[in-house]
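Q: The following block contains the structure, expressed as structure tokens.
The values are calculated or read from the model by the stated rules, or taken from the named source; none is laboratory data. Remember, it's a predicted structure, so these values are computed and weren't measured experimentally. Here the Cβ positions follow ideal geometry from the backbone for every residue, glycine too, while neighbour counts run over all protein chains shown.
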Amino acid sequence: MLSDVLRSVRLTGSMLFLVDATVPWCSWAPPAEAFRRVVLPASQHLVSYHIVTRGRCWAGLRDAAPEPFETGDVLVVPHGDAYFLADPLDSAPAYGPEEAVVFFRQMAAGELPSTIPEGGAGAAGAQFICGFLGCDLRPFNPVLAALPRMMHLRATSSSGDRMHHLIEFALCELRERSTGGQSVLLRLAELMFIEVVRRHLETLPTAQTGWLAGLNDALVARSLALMHGAPARRWTLDALAAEAGASRSVLAERFAQIVGQPPMQYLTLWRMQLATRLLSERGAKVAAVACAVGYESEAAFSRAFKKCAGVAPTMWRQRGDRQ
């Protein structure tokens with residue numbers, strides 16, 4: 001189901017580069033909305049993440065308490081907040097908001113090298129990979145909605161850790177340019193983020209709520225799998241409960257408690273997200289999209305879509321909703 005959602009919200013890599021920092025240094029970014037259009041204008045939202053590959057530093061959101069990061073730690077900023085990485089903590093940034101946007105524009109255009117020096121004339125401080133991804137935010141991205149403002153994933157000592165292999169692959173591509181390297185880096189950006197989400201899912205406490213937490217609950221996970229497997233089916237709460245192996249009341253209570261909304265409301269939102277993907281396809285007819293996501297009439301689908309997305313399906317398709 002995670003793959004299903006990530007495919008439907010059009011997760012796509014946009015940039016991946018390496019920073020070699022020497023003390024004192026401070027690398028920071030403004031809110032993602034300030035540079036989204038110059039990095040990936042066709043995407044609704046930017047997610048950023050940074051992986052410390054050597055050394056240590058301080059990092060965090062600019063309006064929150066900083067945290068120490070060690071080699072192998074990952075910083076993820078899912079919701080576009082301004083953030084920083086620095087060593088020492090009180091290091092002053094060497095650039096302002098306008099310079100940051102210019103940098104991202106040049107990096108996205110391929111005008112800069114894949115490894116960027118940062119900082120002063122001191123000793124080597126840290127090295128980290130910077131990754132940026134685009135995705136849909138509207139009308140419904142359950143994965144993004146389930147993530148906190150900032151994620152700090154600690155390094156693992158497991159020799160078979162998938163992230164370790166991805167990092168080594170990325171470092172090789174970043175240091176040694178080769179044919180097709182840019183495409184490889186974009187796919188690696190996506191893979192590393194997916195691995196981050198998977199690791200986050202594995203470490204969720206049992207009392208956690210949200211869509212990702214639902215994947216760890218047997219009943220909720222079965223219900224989600226049924227709806228994702230056949231979104232156009234004429235589901236009712238009774239039918240869903242019967243196939244999931246629970247009573248109507250138990251399913252309704254458990255699903256709402258963990259996911260945060262009733263099953264049928266979730267199904268409607270998921271159908272609308274699927275519809276946006278179908279509407280983006282060349283030549284797609286609204287009536288055909290309506291049928292594909294479980295609506296017998298175009299009018300009923302259009303009403304539901306506008307209620308959820310704020311605009312009619314035809315308007316969404318015309319503008320691509322990348323505003």
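Q: From the list 302, 297, which residue is surrounded by fewer than 16 Cβ atoms within 10 Å (Cβ to Cβ) and touching a helix residue (DSSP H, G or I) at 6+ places or on another chain (Cβ under 9 Å)?
A: Residue meeting the stated conditions: 297.
Q: Is it the case, given these coordinates, that residue 76 is in a helix (DSSP H, G or I) and either modelled with pLDDT of 95 or more or in contact with a strand residue (DSSP E or B) (Cβ under 7 Å, 6 or more places away or on another chain) (or both)?
A: No; evaluated as a whole, the condition is false for this residue.
Q: Within the set of pairs 6 or more residues apart or between chains, which connect a residue that is more than 24 Å from residue 202 (Cβ to Cβ) inside the range 160-177 to a residue that is β-branched (Val, Ile, Thr) with Cβ atoms less than 8 Å apart?
A: From the range 160-177, the pairs are 171/53; 171/129; 173/184; 174/115; 174/129; 175/115.
Q: Moving to a separate point now. Test residue 239 against the criterion of being of a type in the set (Gly, Ala, Ser), surrounded by 13 or more Cβ atoms within 10 Å (Cβ to Cβ) and farther than 30 Å from residue 317 by Cα, and give yes or no.
A: yes
Q: Return the pairs, sorted by first residue and then second, in which the second residue is among the aromatic types (Phe, Trp, Tyr) and surrounded by fewer than 18 Cβ atoms within 10 Å (Cβ to Cβ), the first residue lies in the range 62-83 and is in contact (Cβ under 8 Å) with a residue 12 or more places away in the chain and under 16 Å from residue 97 (Cα atoms), the beta carbons are less than 6 Å apart, and the residues are 6+ apart or on different chains.
A: Close Cβ pairs satisfying both conditions: none exist.
Q: Which one is surrounded by the fewest Cβ atoms within 10 Å (Cβ to Cβ), of the residues in the range 259-287 that are of a type in the set (S, T, N, Q) and assigned to a helix (DSSP H, G or I)?
A: Across the range 259-287, the extreme among qualifying residues is 265.
Q: Could you look through the range 13-42, keep only residues that are of a type in the set (S, T, N, Q) and at pLDDT 90 or above, and pick out the one that is farthest from the chain's Cα centre (by Cα)?
A: The qualifying residue farthest from the chain's Cα centre (by Cα) is 22.
Q: Step by step: first the residues of the range 30-61, then only those that are in contact with a Cys (Cβ under 9 Å, 6 or more places away or on another chain), under 19 Å from residue 103 (Cα atoms) and not hydroxyl-bearing (Ser, Thr, Tyr), then the one that is surrounded by the most Cβ atoms within 10 Å (Cβ to Cβ). Which residue is that?
A: 46
Q: Given the criterion at pLDDT below 95, touching a helix residue (DSSP H, G or I) at 6+ places or on another chain (Cβ under 6 Å), of a type in the set (A, V, I, L, M, F, W, C) and on the phi < 0 side of the Ramachandran plot, identify the matching residue among 204, 219, 226.
A: After applying the criteria, what remains is 204.
Q: Further, regarding this structure: Take the conditions within 30 Å of residue 162 (Cβ to Cβ) and either at pLDDT below 95 or touching a His at 6+ places or on another chain (Cβ under 8 Å) (or both) and apply them to residue 86. Does it pass?
A: Considered against the rule, which asks whether it is within 30 Å of residue 162 (Cβ to Cβ) and either at pLDDT below 95 or touching a His at 6+ places or on another chain (Cβ under 8 Å) (or both), residue 86 comes out as no.
Q: Got a number for residues in the range 95-120 being assigned to a loop (DSSP other than H, G, I, E, B), of a type in the set (Gly, Ala, Ser) and touching a residue at least 24 places away in the same chain (Cβ under 8 Å)?
A: Total meeting the criteria: 3.
Q: Among the residues that make up the range 205-228, is at least one of them over 19 Å from residue 258 (Cα atoms) and surrounded by 14 or more Cβ atoms within 10 Å (Cβ to Cβ)?
A: No, that holds for no residue.
Q: Another question, if that's okay. With the requirement that a residue be in a helix (DSSP H, G or I), of a type in the set (D, E, K, R) and farther than 17 Å from residue 156 by Cβ, what does the range 168-202 give you?
A: Correct list: 173, 175, 187, 190.
Q: Hey, another quick one. For the range 130-172, what are the residues that are farther than 24 Å from residue 28 by Cα and in contact with a Gly (Cβ under 6 Å, 6 or more places away or on another chain)?
A: 146
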